[in-house]
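The block underneath contains the structure these notes are about, expressed in structure tokens.
What follows is calculated from the coordinates using simple rules that are stated; it is not laboratory data. From a predicted model like this one, the values you see are computed outputs, not experimental measurements. Glycine gets a Cβ as well: all are built from the backbone with ideal geometry, and neighbour counts include every protein chain shown.
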Amino acid sequence: MRLLLDAGNTRVKLSWMSLSAQARAPVVAAFGYDEMAGLGAWVAALPERPLEVWAVGVVDSARMVQLEQLLSAASGAQTAAGLPVHWQHSQMYAAGVRSEYLPSHALGPDRWAGLLGVAWNERRLAGNSLAPVLLASFGTATTVDALLPSEAQAADEYVFPGGLILPGVQLMARSLAQGTARLPEEAGVTRNFPAQTRDAIATGVAAAQLGAVWRQWRRIEQSSSRAPARLYVTGGAWPALEAEALQWFEPAQIVWLASPALDGLACLARQKQEAGH
Ligand SMILES: Nc1ncnc2c1ncn2[C@@H]1O[C@H](COP(=O)(O)OP(=O)(O)O)[C@@H](O)[C@H]1O
Ligand SMILES: CC(C)(COP(=O)(O)O)[C@@H](O)C(=O)NCCC(=O)O
């Protein structure tokens with residue numbers, strides 16, 4: 001079997017697929033960097049021994065090496081080279097998606113794999129008649145990335161024209177606590193007119209996050225004269241934003257994905273395998 005791994009700034013997400021499968025297993029496990037023993041135990045308890053890992057990472061190289069060593073040890077790799085880890089980088093084109101990011105390799109590989117995963121999910125949901133979609137990933141940072149149907153004749157492709165990066169929910173709230181004398185880092189709830197400090201912060205942060213999403217939704221409507229078909233959402237901070245999102249979008253417009261980046265990695269691994277036969 002093949003392990004799939006997304007090393008984000010806060011947590012490592014993992015899933016797996018059998019070498020002959022079209023898609024990954026439905027399970028997604030997440031571990032903070034202070035929970036690496038749990039990650040090792042999760043790998044050791046898999047139903048089969050992994051033979052390779054397909055991965056994206058946005059952490060420093062020391063952390064990547066640490067992960068490689070942990071995965072080798074936990075999977076009981078028999079060779080001196082350990083368990084091969086194929087770190088993926090952003091490209092100009094893969095799996096039916098063309099990137100216009102400049103330079104294309106500067107795009108976070110987690111964003112790239114996430115876009116490939118969304119394109120794959122959208123094709124399964126809506127077939128090959130492509131409509132614009134938006135992916136909002138609420139992780140350590142928040143990213144809001146668009147996929148537009150290619151305007152090239154007969155091209156059954158998506159174009160990624162670019163997207164936004166802003167501080168994530170926890171980073172926004174923490175920066176207020178760290179940069180002011182009177183603002184606490186406390187849990188609050190979103191309200192129309194927040195009348196307590198903690199709710200004022202929670203609502204301000206949620207409004208900033210969803211405001212960014214709404215801006216890109218409108219930009220797509222204006223630039224492609226077509227409303228996006230769906231807003232795909234993911235990331236650990238989504239539960240804090242769901243109530244606010246429902247103020248701006250219809251429930252039927254929102255599709256939550258546990259990990260589009262791991263779906264995208266599954267696409268890339270499958271394509272490589274098919275190309276090899
Ligand atoms: N139990 C939790 N552990 C870690 N992060 C959490 C948790 N609950 C909510 N979060 C939020 O999720 C974010 C991490 O989400 P994740 O999608 O894993 O991010 P990344 O890909 O950047 O590692 C945190 O920055 C925080 O805002
Ligand atoms: C934007 C990100 C920090 C998001 O990382 P995350 O919050 O998912 O850990 C990451 O994708 C990244 O480091 N990107 C490189 C710069 C870019 O995408 O342009």
Estimated distance in nm for a label pair at R191 and L164, the labels positioned 7 Å out from Cα along Cα-to-Cβ: 2.6 nm
A23-L183 pseudo-label distance in nm [points 7 Å out on the Cα-to-Cβ vector]: 4.1 nm
Leading residue at positive end of dipole, segment 109-199 (Cβ point charges), from A173, L147, N121: A173
Rounded FRET efficiency, nearest 0.05, which uses the C-beta distance separating Q153 from A258 and R0 of 35 Å: 0.45
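Volume per residue, Å³, of the convex hull around the alpha-carbon atoms of the chain?
Values: hull volume 41.2 nm³, N = 277.
It comes to 149 Å³ per residue, whole-number rounded.
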Those residues of segment 211-235 whose amide nitrogen sits under 15 Å from the label point placed on L125, 7 Å along Cα→Cβ: 217, 227-235
Inter-label distance, nm, simple model (7 Å from Cα along the C-beta direction), R49/W87: 2.6 nm
Neighbour-count order for T180, T142, T190, T197, fewest beta carbons within 10 angstrom listed first: T180, T197, T190, T142
Cα-based Rg / Dmax (Å) for segment 2-87: 11.9, 33
Kyte-Doolittle at least -0.5, axis length at least 18 Å by Cα - qualifying DSSP helices, the chain: 61-74, 109-126, 197-224, 260-275
Largest-first principal axis extents of the Cα set of segment 162-258 (Å): 46, 27, 25
